[in-house]
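Heads up: the structure comes next, in structure tokens.
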Amino acid sequence: MSVILVQGYHPLKGEIEIQGSKNAALPMMAAAILHKGTTVLKHVPRIQDVLCMMGILESMGCACVLEGHTLTVDAKTVRDIQIPEENGKAMRSSIMLLGALLGRCGEAYVHYPGGCSIGSRPIDMHIRALRQMGARIREEDGILHGTAVKLKGVPLSLPYPSVGATENIILAAVAAEGTTTLKGAAMEPEVEALCRMLNAMGANISGAGTGIIEIRGGSLLHDGEYTVPGDRIVAGTYLSAVMAGGGSAVLKKSSPDHLGRVIETAGAMGARIKVDGGDMKILMEGRPGAACVVTGPYPGFPTDLQSMMLVLMSMGQGQSRLKETVFEGRFATAKELRKMGAEIIIEGKEALVNGKGRLKGACVEAHDLRGGAALVTAGLGAEGETRVTCCHHIFRGYEDICRDLKNLGADIRREG
Ligand code: UD1
């Protein structure tokens with residue numbers, strides 16, 4: 001079992017570069033199978049989820065090479081249309097391969113996707129849209145079997161701006177015949193990045209980031225190279241780490257343009273943040289102030305940084321409120337934070353937090369990727385030692401959280 005040990009109360013100071021975005025890289029890897037040739041992705045994070053997606057692509061017959069942070073996917077041949085159960089269940093993004101495989105091969109077998117245990121996470125919107133595009137999708141013993149003689153571009157509308165459903169539809173629509181107009185599309189920067197990458201390879205997609213995306217299908221894709229943007233959620237995690245531990249830091253390639261609501265909230269809680277191009281300079285003196293935060297789809301406050309916010313509110317001063325509107329199960333971290341002395345009352349979708357000014361080190365368990373990272377940041381601002389267990393969740397999305405925080409001056413180490 002992997003464990004991270006953190007000694008609190010070491011003010012941070014240093015400069016680090018933020019890794020490439022997990023949520024941008026994974027759909028881009030799925031997109032690579034739409035092209036019967038080579039796709040090169042740069043600034044790819046070396047994380048478990050990327051390795052898992054590489055495993056899936058290789059099992060299908062693609063050749064993947066990850067050298068440093070450059071990933072080359074050669075998808076000339078796709079022999080197998082079945083996602084291995086273990087990989088498919090380990091990672092939610094495997095569902096993205098349903099649209100891509102239907103587009104490329106006209107058939108796919110995909111297990112109900114796994115990933116973090118943060119709520120029920122249904123995939124009804126993905127399936128409904130692909131059916132509207134002409135696919136036949138049946139469920140057989142927990143496996144989705146999809147077939148499509150030829151996907152057709154159609155007008156589509158999502159009842160909620162699901163990131164995954166938007167990306168799945170885009171992948172299917174690029175290979176479809178005719179034009180797909182998607183209303184109610186997710187506006188997350190990772191969706192925009194996926195569209196830019198596909199356009200750079202010859203696709204014809206417009207409107208990404210506006211809520212209405214138009215995809216003219218059927219373009220022949222060509223070899224291409226694309227750089228994955230910095231991970232705004234990892235940047236937000238380290239911003240929270242500096243706020244929890246106190247001190248100063250420079251986060252390079254941190255996508256501050258995509259962290260508007262987060263920077264605004266952090267500023268209101270006492271952090272002094274200066275944005276300089278793609279870099280963020282942070283200075284935090286004293287304990288964080290109270291805040292009122294509601295998570296929501298982009299450009300709202302990201303649900304992926306909700307647990308970090310819960311940490312800051314718990315060690316801050318005064319009463320805070322946090323409403324989770326995206327994933328109901330994301331309050332699992334509250335139970336662990338209580339072991340560190342936090343006072344959090346959960347009422348439905350809302351958490352009421354009574355800031356204690358400080359937390360104390362304890363043995364806590366990571367239940368999901370972002371919640372686990374949040375517990376590490378909590379340790380930075382807690383008195384004594386914090387032991388975070390089940391850190392395999394964290395390694396799904398953070399290249400090396402210990403290396404990064406150590407470079408910022410933290411007293412942190414990994415066991416196991
Ligand atoms: C993606 C991100 C995840 C982030 C989330 C919201 C990746 C790999 N993951 O997840 O880090 O937290 O966006 O920003 O990019 N829903 C349905 N039916 C569906 C699809 C979704 O009801 O068919 C619901 C979900 O249960 C959830 C909400 O819609 O309540 C948002 O989910 P969605 O945007 O699809 O998240 P993911 O794509 O899974």
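The values are calculated or read from the model by the stated rules, or taken from the named source; none is laboratory data. In this text the structure is predicted, and so the values were computed from the model without any measurement. Every residue, glycine as well, gets a Cβ built from its backbone with ideal geometry; the counts of neighbours run over all protein chains shown. Surface accessibility is based on the protein's heavy atoms, side chains included, excluding ligands, DNA and RNA. Shrake-Rupley method; radii C 1.70, N 1.55, O 1.52, S 1.80 Å.
A few remarks follow.
- Spatially proximal lysines relative to Lys252 (Cα-Cα < 20 Å; intrachain offsets below 8 disregarded): Lys13, Lys22, Lys42, Lys274, Lys281, Lys406
- Dipole of the chain, positive direction: furthest Cα of Cys292, Ser254, Ser307, with charges on the beta-carbon: Cys292
- Taking every protein chain into account, the accessible area of the chain amounts to 37 square angstrom per residue (probe 1.4 Å).
- Radius of gyration, Dmax [the chain; alpha carbons; angstrom]: 21.2, 62
- Region 234-384 - Rg (one decimal) and Dmax (whole number), Cα, Å: 13.9, 40
- Degrees between helix 22-31 axis and first principal axis of the chain (Cα, 0 to 90, nearest 10): 10 degrees
- Mean Cα-pair separation over length for region 22-227, i.e. relative contact order, pairs under 8 Å, 6 or more apart, %: 20 percent
- Binned Cα-Cα distance frequencies in region 12-119 - 5 Å width, integer %: 2, 13, 24, 24, 18, 9, 4, 2, 2, 1, 0
- Alpha-carbon Debye profile of region 22-227, log10 I(q)/I(0) at 0.13, 0.15, 0.16 Å⁻¹: -0.61, -0.84, -0.98
- What a 1.4 Å probe finds exposed on the chain is 49% carbon and sulfur by accessible area, rounded to a whole percent.
- Packing, taken as the mean count of other beta carbons within 10 Å per residue, orders the peptides 102-110, 150-158 from highest to lowest as 102-110, 150-158.
- The protection proxy used here, the mean number of other Cβ atoms lying within 10 Å of each residue, ranks peptides 390-400, 404-414, 27-37, 7-17 as follows, highest first: 27-37, 390-400, 404-414, 7-17.
- When Glu167, Glu86 are compared by accessible area of protein heavy atoms, the largest-first order is Glu86, Glu167, using a 1.4 Å probe.
- Relative contact order [Cα under 8 Å, 6+ residues apart], region 239-342, whole percent: 25 percent
- Highest mean first, the peptides 338-350, 288-300 sorted by other C-beta atoms within 10 Å per residue fall in the order 288-300, 338-350.
- The chain, helix-only ellipticity at 222 nm - DSSP H runs n ≥ 4, -39,500 (n - 2.57), divided by all residues, nearest 500: -9500 deg cm²/dmol
- A full extension of the chain between Glu264 and Arg403 corresponds to an added length of 47.3 nm, given 0.36 nm per residue minus the alpha carbon distance.
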